[in-house]
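Report on the following structure.
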Amino acid sequence: MSAELYDVIIIGGGPAGLATAYLCHKYGLSYLVLESGKAPFQGIANTYPQGKLVYASKPKDAPEPFLVDELRPPDKPVTVESYLQYVQHFVQHENLHIRTEVAFENIQDERDFLSITTDKGRFKARKVVLAFGSSIPRELSVYGDAKMVAKNVDDPTKYVGVKTLVIGGGNTAADVVIAILKSKRECNDTQPVYWAHKSEKFDVNKETAQRLGEEILLGGNIRLLPGATPRIGEVDDEGVDRLVIRINEFKQADGIDLYHALSFPMQNVIACIGSQGPVPIFDKLGVQTISCTAGVCRVAKEGDRLVLLSAEFESTRKGVYVVGGAISPSYMKISEGSIQEEKHPNLIYTAINDAYHVVEAIRNKLGK
Ligand SMILES: Cc1cc2nc3c(=O)[nH]c(=O)nc-3n(C[C@H](O)[C@H](O)[C@H](O)COP(=O)(O)OP(=O)(O)OC[C@H]3O[C@@H](n4cnc5c(N)ncnc54)[C@H](O)[C@@H]3O)c2cc1C
């Protein structure tokens, strides 16, 4: 465990997380941002199409201006690439403390602090701000543990020299396959990339299919596994974590099924099986959510689960705050003894202003 006890640990380095970090920095609170991607604003870098303009949108009925002007997108929209470049300079200039490629996992209560578990070890903090946005990569669910399976690829050259398995049938999986095939081709590596999908049909757009086709024509060694199902995460005799994927199944008259399966070291597996909202993480953390019932919610649909937060964005877990896209498009606000749905548009404006209010609340609580 890291020895330092931070005032605030911030999970996610998007607009909400960086605004929180900047304000902590400004007011002398010790803090650290843990970002799972390669760089701050990875969420935006991953989801905005190339050349997209970034708007300083503000809900019509919002009374406040942007409360952290330093991260506000310019009034005259700029491309996402320029905005990302600006943010990178800002982070460097302010020397904000960010650890990248650290994926948050859980929070435990200790006597005087919160212990934050990540894939790179534990961190200690008095308060935790969850700013992980709305789009969380879906976990592979198999019997046993599949935690070591990657959900994206930062460096495709890592897979040169090994047989690699990519799981998922959409454009994201196809892009990962293309990137790894290209790296292997450039290094004259003949080890194949296996591409598995649970359904019989892969579903990629024309442009992606074209790029994949080109890579195959240039010598890409790909093995398609349609109708394949990841089944088990297990540790082999040599202590290697492996993923077993069933590639076909034959029902027999005597009731005994015959099937073929492949077993890959988990470190050679990437699962791009879409994203999900943050509710499974709230459940894991024991952060309370409430299901919307008919007539109660105006923004959310019946059955949607909304996170329960105080007026200062503190969750039902003491010392754990939630900000930004992670609580959009609405949440249940506890205020003056009543609970009601509160609109919370998923905008940079909302993310930044949440951060402002949360840091004010934390400063009050910590007396700083
Ligand atoms: C295509 C598109 C266009 C948009 N255009 C605009 C626009 O023009 N103007 C506007 O105001 N809004 C726009 N939005 C919305 C805006 O981008 C979001 O409201 C904003 O990014 C939310 O900020 P956030 O910090 O809460 O989350 P995010 O920006 O999603 O940041 C969350 C960060 O947390 C990291 N993270 C996730 N899980 C973990 C984990 N387990 N451990 C550690 N880190 C983790 C992610 O990598 C990410 O960097 C757009 C959204 C999309 C998808």
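We did not get these values from a lab; they are worked out from the coordinates using the rules stated. Predicted model, so just to flag it, every value in this text is computed and none were measured. Cβ: placed from backbone, ideal geometry, glycine included. Neighbour counts: every protein chain shown.
Mind checking Rg over Rh on the range 156-271, alpha carbons, Kirkwood formula for Rh?
Working: Rg = 15.2 Å, Rh = 15.0 Å.
That ratio equals 1.01.
Using a ≥ b ≥ c from the Cα gyration tensor of the range 263-317 (square roots of the eigenvalues), is it rounded, prolate or oblate, where a/c under 1.5 gives rounded and otherwise the larger of a/b and b/c decides, a/b for prolate?
Values: a/c = 3.67, a/b = 1.98, b/c = 1.85.
Prolate is the answer for the range 263-317, as a/c is 1.5 or above and a/b outweighs b/c.
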Hey, rough spin-label estimate for residue 259 and residue 232, points 7 angstrom out along Cα→Cβ, what's it come to in nanometres? 1.0
Stretch residue 109-residue 316 to full length: gain in nm at 0.36 nm per residue minus the Cα-Cα span? 73.2 nm
Using alpha-carbon coordinates, inclination of helix 348-366 to the longest axis of the chain, degrees: 60
How far is helix 80-94 tilted off the main Cα axis of the chain, in degrees rounded to 10, range 0 to 90? 60
Select from 216, 166, 191 the residue farthest towards the positive end of the dipole of the range 156-271; place +1 on Cβ of Lys and Arg, -1 on Cβ of Asp and Glu, and compute about the Cα centre. 216
Applying the Karplus parametrisation 6.51 cos²θ - 1.76 cosθ + 1.60 with θ = phi - 60° to the phi angles of the range 124-135, what ³J(HN,Hα) value in whole Hz is obtained for each residue in order, glycine and proline being reported as x? 10, 8, 7, 9, 10, 10, 8, 10, 8, x, 9, 10
Please give the calculated 222 nm ellipticity per residue for the chain, where each DSSP H segment of at least 4 residues contributes -39500 (n - 2.57) and the sum is spread over every residue; nearest 500 deg cm²/dmol? -7500 deg cm²/dmol
Net charge near residue 290: determine it from the other residues with C-beta under 13 Å of the C-beta of residue 290, scoring Lys and Arg +1 and Asp and Glu -1. -3
In a Gaussian network model over the chain where Cα atoms closer than 10 Å are linked, find which of 300, 62, 39 has the largest mean-square fluctuation. 62
Highest GNM mean-square fluctuation among 336, 81, 35, for the chain with Cα springs under 10 Å, belongs to 336
Among the aspartates and glutamates, which have Cα under 15 Å from the Cα of residue 365 when same-chain residues fewer than 8 positions away are ignored? 7, 112, 312, 314
What list of ³J(HN,Hα) couplings, whole Hz, do you get for the range 232-243 from phi and the Karplus terms 6.51, -1.76, 1.60, once you set θ to phi - 60° and write x for glycine and proline? 9, x, 9, 10, 7, 4, 8, x, 8, 6, 10, 10
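Nothing charged except the Cβ atoms of Lys and Arg (+1) and of Asp and Glu (-1): what's the magnitude of the dipole of the range 79-175 about its Cα centre? Round to the nearest 20 debye.
Dipole magnitude for the range 79-175 comes out near 240 debye.
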With axes computed from alpha carbons, what is the tilt in degrees of helix 171-186 against the longest principal axis of the chain, rounded to the nearest 10 within 0 to 90? 60
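Give, as a single signed number, the net charge of other residues whose beta carbon lies under 9 Å from the beta carbon of residue 145, with Lys and Arg counted +1 and Asp and Glu -1.
Working: positive: 147; negative: 234, 241.
Local net charge: -1.
When the dipole is taken about the Cα centre of the chain, and only Lys, Arg (+1) and Asp, Glu (-1) are charged at their Cβ, what size is it in debye, to the nearest 20? Let's see the in-between values first.
Values: 42 positive and 46 negative charges, 73 e Å.
Dipole of the chain, to the nearest 20 debye: 340 debye.
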For a footprinting-style exposure proxy, rank 333, 76 by other Cβ within 10 Å, fewest first. 76, 333
For residue 151, list the lysines whose Cα falls under 27 Å from its own Cα; do not include residues on the same chain fewer than 8 positions away. 38, 52, 120, 124, 163, 182, 184, 198, 201, 206, 284
The range 167-183 residues near the modelled residue 214 label - backbone nitrogen below 13 Å, point 7 Å along Cα→Cβ: 178-179, 182
Among 266, 276, 359, whose Cα projects farthest towards the positive end of the dipole of the chain, with charges put on the beta-carbon of Lys, Arg (+1) and Asp, Glu (-1)? 359
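What is the order of 321, 86, fewest Cβ neighbours within 10 Å to most? Walk me through the numbers on the way to the answer.
Details: 321 26, 86 17.
So the ranking, lowest neighbour count to highest, is 86, 321.
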Taking the Cα atoms of the chain alone, what are Rg (to one decimal) and Dmax (as a whole number) in Å? 22.6, 73
Give me the one-decimal nm value for the distance between modelled label points at residue 203 and residue 249, 7 Å along each residue's Cα-to-Cβ direction. 2.1
For a footprinting-style exposure proxy, rank 272, 292 by other Cβ within 10 Å, fewest first. 292, 272
Between residue 122 and residue 99, what is the spin-label point distance in nm, taking each point 7 Å from the Cα along the Cα→C-beta axis? 1.3
